[in-house]
Amino acid sequence: PYQYSYAAELVRALNRDRFLLSLFVPAAHREAVLALYAFDAELRHVHHAVTEEINGHIRYAWWQEGLDEIHKGQPARQHPVFEALAPMMQGGHIGYDALSAMVHLYRSRFPSMPDTEPLVDTAAEKLLTALCPQVKDGWGRAKGVIARHRARHGARLNAWLHVRLMLL
């Protein structure tokens, strides 16, 4: 069986729509988009894994400190998501401000679950524009198809969605 990266497995397990969207990005750049999506999945996971507010804030502080270290040119923490994000941040493809804003939004709304989709989508579009602008249109069309499918059929995955995506 095919072995996905940590980021791909995480996104595939926790956010199937974003995993499907990542498949519209050429393989050479896919891990960059998956790293961004995995970062959001890790932050979202804190809400599900932590019951006490102080523990949630400690975990978000850990993620923020890891971003700060990469931003200052220090080596990435030994975590697959930081290791995947570091080259994109250092190359200027994923902005520190966008990632830090995601941490802040989760942290400031804890224990409520914030809507980070606009932040993540904006960061993903900027990333795609920087890495492979030619796929941005197809990625946008796929995103629209998935959103319409989910609005009509809920979270249920079915063959019809996959066929529609293959025809784009």
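The values are calculated or read from the model by the stated rules, or taken from the named source; none is laboratory data. Please read all numbers here as calculations on a predicted model, not as lab measurements. All Cβ positions, glycine included, derive from the backbone under ideal geometry; neighbour counts span all protein chains shown. We work out accessible area using only protein heavy atoms, side chains counted, and drop any ligands, DNA or RNA first. Shrake-Rupley method; radii C 1.70, N 1.55, O 1.52, S 1.80 Å.
Counting only protein heavy atoms and using a 1.4 Å probe, what share of the accessible area of the range 93-159 belongs to carbon plus sulfur, as a whole percent?
53 percent
For GLN3 and HIS71 in one chain, what is 0.36 nm times their gap in residues minus the Cα-Cα distance, to one decimal in nm?
Extra length from GLN3 to HIS71 when fully extended: 21.5 nm.
Kindly report the accessible area of the chain per residue (heavy atoms of protein chains, probe 1.4 Å, no ligands, DNA or RNA), in Å².
Here the residues of the chain average 54 Å² of exposed surface.
If you place +1 on the Cβ of every Lys and Arg, -1 on the Cβ of every Asp and Glu, and leave all else neutral, what size is the dipole of the range 1-125 about its Cα centre, to the nearest 20 Debye?
Taking the Cα centre of the range 1-125 as origin, the dipole is about 180 debye.
Using Cα pairs under 8 angstrom and six or more residues apart, how large is the relative contact order of the chain, in percent?
23 percent
How much accessible area does LYS143 have with a 1.4 Å probe, in Å² rounded to the nearest 10?
Probe radius 1.4 Å; accessible area of LYS143 about 50 Å².
Normalized C-alpha radius of gyration of the chain, against 2.2 N^0.38 Å?
It is 1.04.
Using only the alpha-carbon atoms, what does the range 30-85 span along each of its principal axes? Please give whole angstrom values in decreasing order.
32, 25, 14
Is the range 95-157 rounded, prolate or oblate when judged by the Cα gyration tensor, a ≥ b ≥ c being the square roots of its eigenvalues, rounded requiring a/c under 1.5 and prolate requiring a/b larger than b/c?
Here the range 95-157 falls in the oblate category.
Roughly speaking, to the nearest percent, how much of the range 1-79's 1.4 Å accessible area is carbon and sulfur?
Carbon and sulfur atoms account for 52 percent of the accessible area of the range 1-79.
What is the spin-label model distance, in nm, from GLU117 to HIS104 if the labels are put 7 Å beyond Cα along the C-beta direction?
2.3 nm
Around LEU127, under 12 Å between beta carbons, what's the net of Lys plus Arg minus Asp minus Glu among the other residues?
0
Would you mind counting up the charge near LEU43? Only other residues with Cβ under 13 Å from its Cβ, with Lys and Arg at +1 and Asp and Glu at -1.
Taking every Cβ under 13 Å from that of LEU43, the sum is 0.
Can you list which of the DSSP-assigned H helices in the chain have a Cα extent of 24 Å or more along the long axis and an average Kyte-Doolittle score of at least -1.0?
Span-like helices in the chain: 27-49, 53-71.
Let me check something: with ligands and nucleic acids excluded, how do MET89, MET113, MET166, MET102 order by accessible area (1.4 Å probe), largest to smallest?
MET166, MET113, MET89, MET102
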